[in-house]
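In what follows, a single structure is set out as structure tokens and then discussed.
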Amino acid sequence: MTRLPIYAIVLLSLLFINCNTNNDFLITKDQVGKLEKSTPIDQLETIFAADSIVRDTAFTNIGERVRKIDIFEKGGAHLMTLTPSLDSVPKVDIIRIYDPRFVTDKGVRLNSTFKDIRDKHKIAKIVTALNNVVVFLKDSDAYFTIAKTELPSSLQYTSSTNIEAVQIPDAAKIKYIMVGWE
């Protein structure tokens with residue numbers, strides 16, 4: 001009889017650990033993994049204490065200013081790149097996701113396709129850029145970049161055409177996931 005509680009405790013512990021690990025890679029409206037929308041830049045060292053932080057700085061007349069902050073796992077995997085705000089208390093403005101373990105609360109990740117985006121999120125607009133199209137969502141601060149090489153050849157070499165959702169193939173792969181908290 002004493003074995004049943006031990007097995008139950010082990011099972012519950014594993015379940016708790018698994019749930020916490022998944023939250024480390026969840027993208028919601030106000031959170032990306034361990035980061036929250038309100039997180040000041042000076043707390044990154046604490047939040048990512050088990051990871052590596054690399055700061056790309058620029059020197060101005062008034063001193064040093066951080067332009068980009070790369071977050072790597074201790075094993076070397078590039079998790080994300082952060083762009084801080086220029087506020088008096090800098091927070092994270094833009095996040096570029098590199099690790100395919102990050103997933104939106106509706107199940108879209110770097111390995112997903114345009115069909116996954118369309119089926120699981122509401123598209124607010126699609127913006128055409130020189131080499132990419134950017135898909136903005138109504139229900140999230142995340143947005144997705146798809147390379148024009150994923151589009152039909154008639155749409156790949158034009159920069160002035162507005163591309164509609166129906167013109168993007170279901171199998172088009174996501175190139176980047178970004179989150180904008182500006």
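Identify the residue in the range 36-88 that is among the aromatic types (F, W, Y) and modelled with pLDDT of 90 or more and, among all such residues, is surrounded by the most Cβ atoms within 10 Å (Cβ to Cβ). Top of the filtered list is F48.
For D87, the test of being over 30 Å from V166 (Cβ atoms), among the charged types (D, E, K, R) and part of a strand (DSSP E or B) is failed. Checking K115, K148 one by one, the residue that is modelled with pLDDT of 95 or more, of a type in the set (K, R) and either farther than 22 Å from E182 by Cα or touching a Cys at 6+ places or on another chain (Cβ under 6 Å) (or both) is K115 and no other. The numbered conditions (1) of a type outside the set (A, V, I, L, M, F, W, C); (2) within 26 Å of I41 (Cα to Cα); (3) out of contact with any Ser or Thr (no Cβ under 6 Å at 6 or more places or on another chain) are all true for T128 except (2). Taking the condition of a type in the set (A, V, I, L, M), crowded, with 17+ Cβ neighbours inside 10 Å and either touching a strand residue (DSSP E or B) at 6+ places or on another chain (Cβ under 8 Å) or modelled with pLDDT of 90 or more (or both), does V133 pass? When the stated conditions are applied, V133 passes them. Residues in the range 152-172 that are within 23 Å of the chain's Cα centre (by Cα) and not hydrophobic (A, V, I, L, M, F, W, C): 2 in all. Looking at F102, F114, just one residue is crowded, with 16+ Cβ neighbours inside 10 Å and more than 19 Å from E36 (Cα to Cα), and that residue is F114. Could you look through the range 23-35, keep only residues that are in a strand (DSSP E or B) and of a type in the set (V, I, T), and pick out the one that is surrounded by the most Cβ atoms within 10 Å (Cβ to Cβ)? Looking at residues that are in a strand (DSSP E or B) and of a type in the set (V, I, T), I get V32. For the range 146-155, the count of residues that are within 30 Å of S85 (Cα to Cα) and surrounded by fewer than 18 Cβ atoms within 10 Å (Cβ to Cβ) is nonzero.
The values are calculated or read from the model by the stated rules, or taken from the named source; none is laboratory data. As the structure is a computational prediction, the values presented were derived from the model and not from experiment. Positions of Cβ are generated from backbone atoms using ideal geometry, with glycine treated the same way; all protein chains shown enter the neighbour counts.
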